[in-house]
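Worksheet: the structure to be examined is printed underneath.
The values are calculated or read from the model by the stated rules, or taken from the named source; none is laboratory data. Computed from a predicted model, the values in this text were never measured in an experiment. Counting neighbours? That spans all protein chains shown, and the Cβs are built from the backbone with ideal geometry, glycine included. Note: areas computed on protein heavy atoms with side chains; ligands, DNA, RNA excluded. Shrake-Rupley method; radii C 1.70, N 1.55, O 1.52, S 1.80 Å.
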Amino acid sequence: MTTKIIHFTVNGRLEQAEFGAECSAADVKDLFRAAAEAGPHHILKLYNTNGGVVNISPQLEANTRDSHYRLEVVASDLKGVGMPSEIDKMECRLSHLESKVIEGVGKTPDIICDLHSQVESFKKKLESVAHLSWMGLFREDADQHLAKFSPKPGAPQLSMEEEHQLVHTKFLNMSSLQVTEEVRELLKSPIFDNWQWEEAEMLVLLQVMFTDLEFLTALHIELAILQNFLFEVYRHYNSIPFHNFRHCFCVTQMMYGLIWLTELRSKLSSADLLIMLTSALCHDLDHPGYNNVYQINAQTDLALRYNDISPLENHHCAMAFRILSKPECNILKNLTVDQYKHIRGGMIKCILATDMARHNEILNRFKVIQPVFDFGNKEHKEVLMKIMVKVSDISNEARPMAVAEPWLDCLLQEFFNQSDTEKLQGLPVTPFMDRDKVSKPSSQTNFIRFVLLPLFSELTKLFPCLEQHILEPVRHALEYYSELERASRDTGGVDEP
Ligand code: 5GP
Ligand code: MN
């Protein structure tokens, strides 16, 4: 039985492959794939000394070290995603053209080399654009922005599943430890700094919120069930720049702080407080990083499923009840049918109210009832609960500047991702997300003037104590960003986004 020895270079190394005549075509391809450290979706090409492409097969002609072949991984064969398959097709057509020309002329003409390098540089460009990762080309280390989503240097790369498991184990190990009184108190305040805590710790802090509001006793929630529920919520937030688990934590923590600051425990039932805290926790579950306008314009599955009516909020809420439908996660399982109905109805109302397209509708209703607010009135309570979830949702600027500012970077990163995609897909570009039109100061001055101040001042009329806790910091942020905007206008410069 004869063994063929094939010499070839790959990634600058000289290698040799040995196989017998009985080897199948698939085996030979796998052998070269392994040598190139290529995945199953990569396309391999073998070139002879004349630059001609040769078939990787058992019939491959044996050669010597001096007449070695050159093996290259030319592309990733990503099926089902728009752009890469276009690039692949372009490369394949180019290679086909190249081999035809070589047959006739004997060498690759300059024009084809030029075309090759143009395709290469276009691919490089795509590889460096983090938010086009859905195209399957992005290389994680290409963009510093997403460094926080990448593993630390030297750390073994974990799959998402392994990462979640690690957080789960840490959470359960830590949850039995006592959280200090100091942290428990800080947790009740809008000055709490979320950036100091890692995911497992945030899960412990969420558990503290449920226990310190005495939900476990009042609503017969078993600790293990609460832990399963919190972990499933964590697992269903995506690793995207803004609408991630940390945002969920912040919104929930603000809701928790507002409950204590306004002494709502003396005015609302445990069930109502649970509705507010759990709505905050679940309000952005499985957010894809592209808003409703995009969902509707791009006619995504979510827009189709929900007939363009708050597709994201409907999805977040449906996800919440899908998680609760698992018996091991169902924190509502020991309640009566009526209590369950009340909490489900309340959560649906609160989560759907976070669609900013309904902002004026909800705020205007609150403005009407605020002067005659009655905690005994069911509708008044419902509007207040929606308003408080909404306030928590958009409360970053009520936090200390050092906590708030990084959130703005995250938000703009997600906005710019969307507008870039809209441009690429030929969809209408959402103006406040356009990197060519928006800067940090311009984004915040408008948002604070027209959205935050009118909303926060209305709630402060009902709870004057909130003035110092949420209104003042927001006014301060407006001064800060107005000053930046003025300075940028005076120097005639374009604001740095
Ligand atoms: P969410 O999508 O988080 O449920 O709803 C809140 C929306 O309000 C965000 O998507 C975003 O459009 C807007 N928003 C929240 N916080 C800020 C902010 O600090 N600045 C600006 N410009 N928009 C914000
Ligand atoms: Mn949100």
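If you take all other residues with their beta carbon under 10 Å from the beta carbon of ASN292, and give Lys and Arg +1 and Asp and Glu -1, the sum is -3. Summary value for the range 306-376: 34 percent relative contact order, contacts being C-alpha pairs under 8 angstrom separated by 6+ residues.
Using Cα pairs closer than 8 Å and at least 6 residues apart in sequence, work out the relative contact order for the range 197-314, in percent. Intermediate results must be reported in sequence, preceding the final value.
Working: 92 pairs, mean separation 28.8, N = 118.
Value for the range 197-314: 24 percent.
For LYS188, the shell of other residues with beta-carbons less than 15 Å away shows a net charge of -4, using +1 for Lys and Arg and -1 for Asp and Glu.
Accessible surface computed residue by residue for the range 147-285, with neighbouring protein chains in place and a 1.4 Å probe, gives 42 Å² per residue.
Computed extension length for SER482-ARG70: 142.3 nm, one decimal, from 0.36 nm per residue of separation with the Cα-Cα distance subtracted.
Mind checking the per residue accessible area of the range 365-425 for me, 1.4 Å probe, whole number of Å²? Present the calculation step by step, with values, prior to reporting the outcome.
Numbers: 2080 Å² over 61 residues.
That works out to 34 Å² per residue.
Only Cα pairs under 8 Å and 6+ residues apart enter the sum, and on that basis the relative contact order of the range 416-494 stands at 26 percent.
Surface composition of the range 189-274: carbon and sulfur make up 49 percent of the accessible area, probe 1.4 Å.
To put it simply, the accessible area of the range 356-494 at a 1.4 Å probe is 56 percent carbon and sulfur.
Determine the sum of side-chain charges near CYS23: Lys and Arg each +1, Asp and Glu each -1, restricted to other residues whose C-beta is under 11 angstrom from that of CYS23. Don't jump to the answer; show the numbers that get you there.
Details: positive: LYS4, LYS29; negative: GLU18, GLU22, ASP27, ASP30.
Here the charged neighbours net out to -2.
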